[in-house]
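What follows is a single structure, written as structure tokens, with notes after it.
Bear in mind these aren't lab numbers, they're just calculated from the coordinates by the rules spelled out. Computed from a prediction, not measured in an experiment: that's the story for all the values here. Cβ placement follows ideal geometry from the backbone for every residue including glycine, while neighbour counts extend to all protein chains displayed.
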Amino acid sequence: MSIALNDFQPKPSLVRPETHLAGPSMPFVDAHNHLGPFGGDWDQRPPQELFDHLRAHGCVHYVDLDGGWGEDILDDRLRRYKQLEPESYRVFGGVNWALWADEGNAFPQKAAARLRDQAARGAEGLKIWKPFGLTVRDQHGALVAVDDERLDPIWATAGELGLPTLVHVADPVAFFSPIDGTNERYEELQTHPDWAFPSPPFPTFGSILEGFANLVRRHRGTTFIGAHVACYAENLAWVSSLLDECPNLMIDFSARIAELGRVPYSAREFLLRNHQRVLFGTDAGPDAEAWALYARFLETRDEYFNYSTESVPPQGRWMIYGLHLPQDVLKAIYHDNAARLFGLEAAETDRRHPQTNSNHK
Ligand SMILES: [Zn+2]
């Protein structure tokens, strides 16, 4: 008898501990997230609801990457959220690549000037979305490489302004591979055919990632956050050596517990070794279930569990294993690294010890 792949939903017969945590065991910063459309409909609700929800779940600071190209959406988020609770929230700006066609050779300088303006209005970081390296084109219609030197003014300006630059380039390696029975994300690509980037016509995964590495190497004065485990969660040795080489690189592991959790020995070693360079974030909206699942992954010894809430895990048919990280490593990843990077510590100390603070004045 044969059945369709969709109908194959095996239930493990294993008897093993299943720890269901309510969420992270300590206050945390969510350093890679959205409010909509990638983060649910939170941007349609009263902003105070968001902050009450964050507080109820222990999220002390929320990094919203949805500032768009640094124009209307950025201003809207600054006005509605940042003004309400400046200590609990920040939003990143962006680069509008579409303007390159009209601005020609002046584009990089103008984009840098716009970034300066975004920072002046309140943007506290720069988000680079994945079309960069895949589809972004210059005024001649030529594909732009991630390490294109013409763009140096943008990265240098981010460094000068102290704006952490969160970069998402490429996508899972399997999205660049043929969609056939050997593709480990076959089902995901069936559901989202537009996530496939076969090369050609797209650049290869390797060339995009090499471009990213060159970008980080060339701009030591700019702090880069390599989103999704520096966009190469499938190769922790590669990420680890780039971290060694470039002190200006941090990473987050948002949307990648499926990758880390299927290689628990290497992932645990990787996080222990690099724990001061790793930021916590889910990329799933301010979602309590996602926070709880990430906590289960980071904190427990649970074995062979689903990394999602769907019956067929959406990023590939495998299960993950908890990393039971020690407390000091958890604290660095959940909170301290982000607090250091974003300068939250001073603000938190002031809030906890208002008396001490006023005495200094
Ligand atoms: Zn994201």
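Using the crude model of +1 on Lys and Arg Cβ and -1 on Asp and Glu Cβ, and no other charge, please compute the dipole size for segment 22-360 relative to its Cα centre, in debye to 20.
On the way: 31 positive and 48 negative charges, 134 e Å.
Dipole about the Cα centre, nearest 20: 640 debye.
Pop out the ³J(HN,Hα) list for segment 21-34 in order, Karplus 6.51 cos²θ - 1.76 cosθ + 1.60 with θ = phi - 60°, rounded to Hz; leave Gly and Pro as x.
Rounded to whole hertz, the list is 7, 6, x, x, 7, 8, x, 9, 9, 8, 9, 9, 7, 9.
So, by mean Cβ neighbours within 10 angstrom, what's the order for 281-292, 105-116, 185-196 with the highest one leading? If you can, show how the numbers build up before the last one.
Numbers: 281-292: 20.0, 105-116: 18.3, 185-196: 14.8.
In descending order of packing, they fall as 281-292, 105-116, 185-196.
Which of the peptides 229-238, 246-255 is most tightly packed, and how do the rest follow, going by the mean number of other Cβ atoms within 10 Å of each residue?
On the way: 229-238: 20.5, 246-255: 22.1.
Going by the mean number of other Cβ atoms within 10 Å, highest first, we get 246-255, 229-238.
How far is the Cα center of segment 270-310 from the Cα center of segment 178-193, in Å?
So the two Cα centres are separated by 24 Å.
Let me spell out the model: positive unit charges on the Cβ of Lys and Arg, negative unit charges on the Cβ of Asp and Glu, origin at the Cα centre of segment 29-182. What dipole size does that give, in debye rounded to 20?
Roughly 220 debye for segment 29-182.
Tell me the mean residue ellipticity at 222 nm calculated for the chain from its helices only (DSSP H runs of n ≥ 4, each -39500 (n - 2.57), averaged over every residue, nearest 500).
Values: 16 runs with 134 residues, N = 361.
Result for the chain: -10000 deg cm²/dmol, rounded to the nearest 500.
So what are the ³J(HN,Hα) numbers for segment 88-95, from phi and the Karplus equation (6.51, -1.76, 1.60; θ = phi - 60°), rounded to whole Hz, Gly and Pro as x?
Karplus-based 3J(HN,Hα) across segment 88-95 equals 9, 8, 9, 10, 9, x, x, 10 Hz.
Check the straight Cα-Cα distances from Lys82 and name the lysines below 21 Å, setting aside those fewer than 8 residues away within the same chain.
Lys127
Could you point to the residue in Ala288, Leu271, Ala255 farthest towards the positive end of segment 199-349's charge dipole, with +1 and -1 charges on the Cβ of Lys/Arg and Asp/Glu respectively?
Looking along the dipole axis, the top candidate is Leu271.
GluC sites (Glu not before Pro) within segment 60-163: which are DSSP loop residues with at most 13 other Cβ atoms inside 10 Å? Provide the component values of the computation, followed by the final result.
On the way: sites: Glu71, Glu87, Glu103, Glu124, Glu149, Glu160; in loops: Glu71, Glu87, Glu124.
Within segment 60-163, the qualifying GluC sites (Glu not before Pro) (loop, at most 13 other Cβ atoms within 10 Å) are Glu87.
Whole angstrom only: what separates the Cα centroid of segment 197-261 from the Cα centroid of segment 20-85?
25
So for segment 18-119, averaging the separation of alpha carbon pairs under 8 Å that are six or more residues apart and normalising by length, what relative contact order in percent results? Please list the in-between numbers first.
On the way: 117 pairs, mean separation 24.6, N = 102.
Relative contact order of segment 18-119: 24 percent.
For segment 229-237, what does the Karplus curve 6.51 cos²θ - 1.76 cosθ + 1.60, with θ = phi - 60°, yield as ³J(HN,Hα) per residue in whole Hz, taken in order and with x for Gly and Pro?
Using θ = phi - 60°, the values come out as 6, 6, 6, 9, 5, 6, 9, 5, 5 Hz.
Which whole-number percent gives the relative contact order of the chain, counting Cα pairs below 8 Å spaced six or more residues apart?
Details: 623 pairs, mean separation 67.3, N = 361.
Averaging sequence separation for qualifying contacts and normalising by length gives 19 percent for the chain.
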